[in-house]
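**Student:** Dumping the structure here so I can ask a few things about it.
The values are calculated or read from the model by the stated rules, or taken from the named source; none is laboratory data. These figures come from a predicted structure and were not determined experimentally. Here the Cβ is made from the backbone with ideal geometry for all residues, glycine too, and neighbour counts use every protein chain on show.
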Amino acid sequence: MNFDFSDDQKMLRENARAFLSKESPLTLCRQVLESDASYSQSLWQAVAGQGWQGTAIPETYGGAGFGRLDLAVLAEELGRALAPIPFSSTVYLAAEALLVAGTEEQKKRYLPPVARGECIATVAHGEAGADGALRTSFTKGRVRGQKAPVPDGDVADIALVSAKSGREVGLVIVELAVPEVTRQKLQSIDPSRSLASLSFQRAPGEWLGGRPCGWQTIEHIFDRAAVLYAFEQLGGAQRAFEITREYLLHRYAFGRPIGSFQALKHRMADWYVELELARSNCYYGAWALSNEAPELPVAACGARVSAAAAFELASKEMIQMHGGMGFTWEHDAHLFYRRARWLGSVLGSAPLWREKLVARLEAQQA
Amino acid sequence: MDFNDTSEEAAFRAEARAWLEANAERLAPGEQPSGLEGRFDPEMVQKAKEWQRKKADAGWACITWPKEYGGRGASPIQAVIWNQEESRFKTPPNIFAIGQGMLGPTIMVHGTDEQKRRYLRPMLRGEEIWCQLFSEPAAGSDLAGLRTTAVRDGDDWIINGQKIWTTGAQYSKWGMILTRTDPNAEKHRGITYFIVDMESPGIEIRPIKQMNGMSSFNEVFFTDVRVPDKNRVGDVNDGWRCALTTLMNERHAIGAGSGGPDVRDLFFLARSVLWNGKPAIRDSGVRQRLAEFYVRAKGLQYTSYRTQTALSRGQTPGPESSIGKLVGAPLRQEMAAFAIELQGAAGALLDPSAPQEALWQMAYLGSPGLRLAGGTDEILRNIIAERVLGLPPEVRVDKEVPFKDLPTGPRS
């Protein structure tokens, strides 16, 4: 049994944590949240200096050629730091989509700048009106439609836009700095992570992979991203837990540390248990992702559902156990509370993933 | 990251499997191993003893015990592998676990050389079965509040009192008992640990009928029971320290409880019962709950893989292993409650005509016990909060007070 990260990956984690504690303290997240900026350019560049965007991109395309387990390690650390950068959209979604479904030419064109941190990319899928119907179309090389909310859509250089063409669906690569694309930054529940509305008026593009890739590939791309998002959620949840534990040790009430009251200790124990279960589900997702295992569709759901629940619980308990201070703007707890919701929403919320899980388990039995 | 054995582990697994293939019959797919389930007939005890002797003769009994006591000094991960392999075969229920897993290791640490020589081999070979006499009606979670007394009388001690929740007392030759020997000392400092012959005069064993109708445990009454001083384990009034060794081993021994229905059975039920003419699993509310149960059950399974990985890398399991029961037992109860809801009015049946032969109804009635035995949910939360998370203990009002002066509440 070898169900854990390797010593090299643990070393990577230590280095990443040390790097982020210096480059991405919670004050940086707050700075972005309180400013008009959509992300921290300095952190984005610092992370690029470490080569993180290219972690799982093969060397042929300018990356480091490591695996998804290494990427999962970094995702957890970025989650811990509440790093205010468009890493998840660019790396877990867009770069993975290019690797999974892009043509050789597309990979060569887009992956090297992504790996260097010179290209911010995202996937634009959800549409306002949210009845699940896909209205955006791609005909004669042009995209028409509206996408919102698009994570990091206001700052992305390219977007992979889900669109239909007749009865077929696929992802269209659209370079966003063109007059045919109008973008509007939307207020985000977590202003340290941006959301935008993108409007395509006959915007030029090309199919990812040269032809409509189909729902199955789109789902596969979301499954891969879900595992990596889950590690960010896990990291955020773990950090909120650690901060709260410290507080319970040092805050005194009724003449003793409040961490000595069973009313709080038992909740901390339950919280710890939820974290551990989420961690185990995340590890299983990482195993499936890194091995291209047929278990990925189910494993991704498990990781997503479990980690989203753990981060939600963590961010709520963090505020509650900090008392009134936890509800102030000044305290960091709301950064976690907001990030938990942002991460829990952008890839589809937990009920959707639970439904997918059961549907997939049923399909296995059929 | 993978789920494979190392090459040493694979070799060990192959060796274990080869012996089992040659000496036992494989379970058919889907067949459950025989559990204890409160059926203590002498025939079952005889079969269990025979199987244990066979294992001992071949060197497959108590494999983690040191060689000098008849074990093979196996590592914890080898014990996991052996248990995995043995559980695939038709074997009698393990009625030796309390002795071999908890009491034997206590004797190894705290016993005299004579005790080790006299007791460990027959325990390993299953010739003598052991029970643990710890809990009392007024001392469960607060075990150190025990009141059964032992009073010195020459070379003997005389024991009076009552123990409860004693598994296997009916067929045990020996018991290990905690007694109060100094009521004037602070509660943890007046306890002494003994080995008691369960066939001694003055011992009365009464089975407890549980709320699910089964009898897995006993009450054991002691009236002037004589125990020679040479059966004392550890020093007089130092029994608590020795008992901690036993309890530490108990935590490792008690898992989520195997057997009984699992999440696959729940999916099967949801596909087979009809709601408004359609399988219940078509209902979106049902699907959400099913997903939650699945993710939780899998989270627990993968957590055990992580624990096994730690063992495989030579680490010892710590208090975090409390997670297994703290999650598994309530999960069983919640799944059973949901399964009964899925059955509609038929949920009220405890009848073979109920879906899956009332499997879930039985699980529902049995599951509260899982949340209590071997450390209640609440005690496990304390263990996690204090020993894993390092949170401070509750303020104690029972320290530095003679045991006899502690408030006890109304006594009937």
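**Student:** Those residues that are polar (S, T, N, Q), over 18 Å from A:Tyr247 (Cα atoms) and either at pLDDT below 95 or part of a loop (DSSP other than H, G, I, E, B) (or both), I need them from region A:287-337; list them, please.
**Tutor:** A:Asn291
**Student:** Check whether at least one residue in region B:101-110 is surrounded by fewer than 19 Cβ atoms within 10 Å (Cβ to Cβ) and without any contact (Cβ under 8 Å) to a residue 60 or more places away in the chain, and report yes or no. Steps first, please.
**Tutor:** As a first pass, look at region B:101-110 and keep what is surrounded by fewer than 19 Cβ atoms within 10 Å (Cβ to Cβ): B:108-109.
Then drop every residue that is not without any contact (Cβ under 8 Å) to a residue 60 or more places away in the chain, which leaves B:108.
Checked region B:101-110: at least one residue is surrounded by fewer than 19 Cβ atoms within 10 Å (Cβ to Cβ) and without any contact (Cβ under 8 Å) to a residue 60 or more places away in the chain.
**Student:** Among (1) buried (at least 20 other Cβ atoms within 10 Å of the Cβ); (2) more than 21 Å from A:Ser194 (Cα to Cα), where does A:Glu96 come up short?
**Tutor:** Condition not satisfied by A:Glu96: (2).
**Student:** Return the total of residues in region A:243-255 being more than 10 Å from chain B (Cβ to nearest Cβ), surrounded by fewer than 22 Cβ atoms within 10 Å (Cβ to Cβ) and assigned to a helix (DSSP H, G or I). Don't jump to the end; show me each part of the working.
**Tutor:** We begin by selecting, within region A:243-255, every residue more than 10 Å from chain B (Cβ to nearest Cβ); these are A:243-244, A:246-247, A:250-253.
Cutting the leftovers down to surrounded by fewer than 22 Cβ atoms within 10 Å (Cβ to Cβ) gives us A:243, A:246-247, A:250-253.
Still in the list and also assigned to a helix (DSSP H, G or I): A:243, A:246-247, A:250.
Of the residues in that region, 4 qualify.
**Student:** Which numbered condition in (1) assigned to a helix (DSSP H, G or I); (2) in contact (Cβ under 8 Å) with a residue 24 or more places away in the chain is the only one that B:Glu127 fails?
**Tutor:** (1)
**Student:** For region A:256-276, state whether one or more residues are over 20 Å from B:Leu380 (Cα atoms) and either surrounded by 24 or more Cβ atoms within 10 Å (Cβ to Cβ) or at the interface with chain B (Cβ under 10 Å from one of its Cβ atoms) (or both).
**Tutor:** Quick first cut of region A:256-276, residues over 20 Å from B:Leu380 (Cα atoms) only: A:256-257.
Narrowing the set further to residues that are either surrounded by 24 or more Cβ atoms within 10 Å (Cβ to Cβ) or at the interface with chain B (Cβ under 10 Å from one of its Cβ atoms) (or both) leaves A:256-257.
Among the residues of region A:256-276, at least one is over 20 Å from B:Leu380 (Cα atoms) and either surrounded by 24 or more Cβ atoms within 10 Å (Cβ to Cβ) or at the interface with chain B (Cβ under 10 Å from one of its Cβ atoms) (or both), which makes the answer yes.
**Student:** Right, here's the next one. Look through A:Ala81, A:Ala72 and report the one residue that is in contact (Cβ under 8 Å) with a residue 24 or more places away in the chain and within 14 Å of another protein chain (Cβ to nearest Cβ).
**Tutor:** Values: A:Ala81 fails: within 14 Å of another protein chain (Cβ to nearest Cβ).
The match here is A:Ala72.
**Student:** Just to check your reading of the model, which residue among A:Ser199, A:Ser192 is among the polar types (S, T, N, Q) and assigned to a strand (DSSP E or B)? Write out each step before concluding.
**Tutor:** Numbers: A:Ser192 fails: assigned to a strand (DSSP E or B).
So the residue among A:Ser199, A:Ser192 that is among the polar types (S, T, N, Q) and assigned to a strand (DSSP E or B) is A:Ser199.
**Student:** Need the failing condition index for B:Gly59 against (1) within 14 Å of chain A (Cβ to nearest Cβ); (2) outside any helix (DSSP H, G or I); (3) not polar (S, T, N, Q), just the number.
**Tutor:** Failed condition: (1).
**Student:** For region B:357-398, what are the residues that are surrounded by 21 or more Cβ atoms within 10 Å (Cβ to Cβ), of a type in the set (A, V, I, L, M) and either more than 9 Å from chain A (Cβ to nearest Cβ) or on the phi > 0 side of the Ramachandran plot (or both)?
**Tutor:** B:Ala363, B:Leu370
**Student:** Given (1) facing chain A (nearest Cβ under 10 Å); (2) not in a helix (DSSP H, G or I), identify the lone condition not met by B:Leu311.
**Tutor:** (2)
**Student:** Scan region B:1-26 for residues that are surrounded by fewer than 13 Cβ atoms within 10 Å (Cβ to Cβ) and within 14 Å of chain A (Cβ to nearest Cβ) and report the count.
**Tutor:** Of the residues in that region, 5 qualify.
**Student:** If you don't mind, there's one more thing I want to ask. For residues that are surrounded by 17 or more Cβ atoms within 10 Å (Cβ to Cβ) and under 17 Å from B:Thr307 (Cα atoms), scanning just region B:80-94, find the one that is farthest from the other protein chains (Cβ to nearest Cβ).
**Tutor:** Residues of region B:80-94 surrounded by 17 or more Cβ atoms within 10 Å (Cβ to Cβ): B:80-82, B:85-86, B:91-94.
If we keep only those that are under 17 Å from B:Thr307 (Cα atoms) too, we end up with B:80-82.
Numbers: B:Val80: 8, B:Ile81: 9, B:Trp82: 14 Å.
The qualifying residue farthest from the other protein chains (Cβ to nearest Cβ) is B:Trp82.
**Student:** Which number in (1) of a type in the set (D, E, K, R); (2) surrounded by fewer than 22 Cβ atoms within 10 Å (Cβ to Cβ); (3) closer than 18 Å to A:Ala226 by Cα; (4) within 14 Å of another protein chain (Cβ to nearest Cβ) marks the one condition that A:Glu362 misses?
**Tutor:** If we test A:Glu362 against (1) of a type in the set (D, E, K, R); (2) surrounded by fewer than 22 Cβ atoms within 10 Å (Cβ to Cβ); (3) closer than 18 Å to A:Ala226 by Cα; (4) within 14 Å of another protein chain (Cβ to nearest Cβ), just (3) comes out false.
**Student:** Go through (1) outside any helix (DSSP H, G or I); (2) in contact (Cβ under 8 Å) with a residue 12 or more places away in the chain one by one and return the number of the condition B:Val286 breaks.
**Tutor:** (1)
**Student:** How many residues are touching a strand residue (DSSP E or B) at 6+ places or on another chain (Cβ under 6 Å) and buried (at least 18 other Cβ atoms within 10 Å of the Cβ) if we restrict to region A:163-174?
**Tutor:** Filtering region A:163-174 down to residues touching a strand residue (DSSP E or B) at 6+ places or on another chain (Cβ under 6 Å) leaves A:163-165, A:170-174.
Add one more test, that the residue is buried (at least 18 other Cβ atoms within 10 Å of the Cβ), and what stays is A:163, A:170-174.
Result for region A:163-174: 6.
**Student:** Can you run down the residue pairs with Cβ atoms below 7 Å, 6 or more apart or on separate chains, where the first is in region B:263-278 and within 14 Å of chain A (Cβ to nearest Cβ) and closer than 22 Å to B:Ala329 by Cβ and the partner is of a type in the set (S, T, N, Q) and not in a loop (DSSP other than H, G, I, E, B)?
**Tutor:** Final answer for the pair search is B:Asp265/B:Gln356; B:Leu269/B:Gln356.
**Student:** Hey, another quick one. For region A:338-359, enumerate the residues that are within 14 Å of chain B (Cβ to nearest Cβ) and in a helix (DSSP H, G or I). If you could, list the steps in order and put the result at the bottom.
**Tutor:** Taking region A:338-359 and keeping what is within 14 Å of chain B (Cβ to nearest Cβ), we get A:348-359.
Answer for region A:338-359, where residues must be within 14 Å of chain B (Cβ to nearest Cβ) and in a helix (DSSP H, G or I): A:Ala350, A:Pro351, A:Leu352, A:Trp353, A:Arg354, A:Glu355, A:Lys356, A:Leu357, A:Val358, A:Ala359.
**Student:** Related question: Go through region B:183-222 and give me each residue that's among the acidic types (Asp, Glu) and in a strand (DSSP E or B). Talk me through it step by step, then tell me what you get.
**Tutor:** We begin by selecting, within region B:183-222, every residue among the acidic types (Asp, Glu); these are B:186, B:197, B:199, B:204, B:219.
Scanning region B:183-222 gives B:Glu186, B:Asp197, B:Glu204, B:Glu219.
**Student:** Same structure again: Which pairs turn up if I take residues in region B:384-412 that are in contact (Cβ under 8 Å) with a residue 24 or more places away in the chain and look for partners that are polar (S, T, N, Q) and part of a loop (DSSP other than H, G, I, E, B) with beta carbon separation below 9 Å, at least 6 apart in sequence or on another chain?
**Tutor:** B:Pro402/B:Asn184; B:Phe403/B:Asn184; B:Lys404/B:Asn184
**Student:** Being β-branched (Val, Ile, Thr) and within 20 Å of the chain's Cα centre (by Cα) is the filter here; which residues of region A:97-124 pass it?
**Tutor:** A:Val100, A:Val114, A:Ile120, A:Thr122, A:Val123
**Student:** Please give the number of the condition B:Asn231 fails out of (1) at pLDDT below 95; (2) surrounded by 20 or more Cβ atoms within 10 Å (Cβ to Cβ); (3) polar (S, T, N, Q).
**Tutor:** (1)
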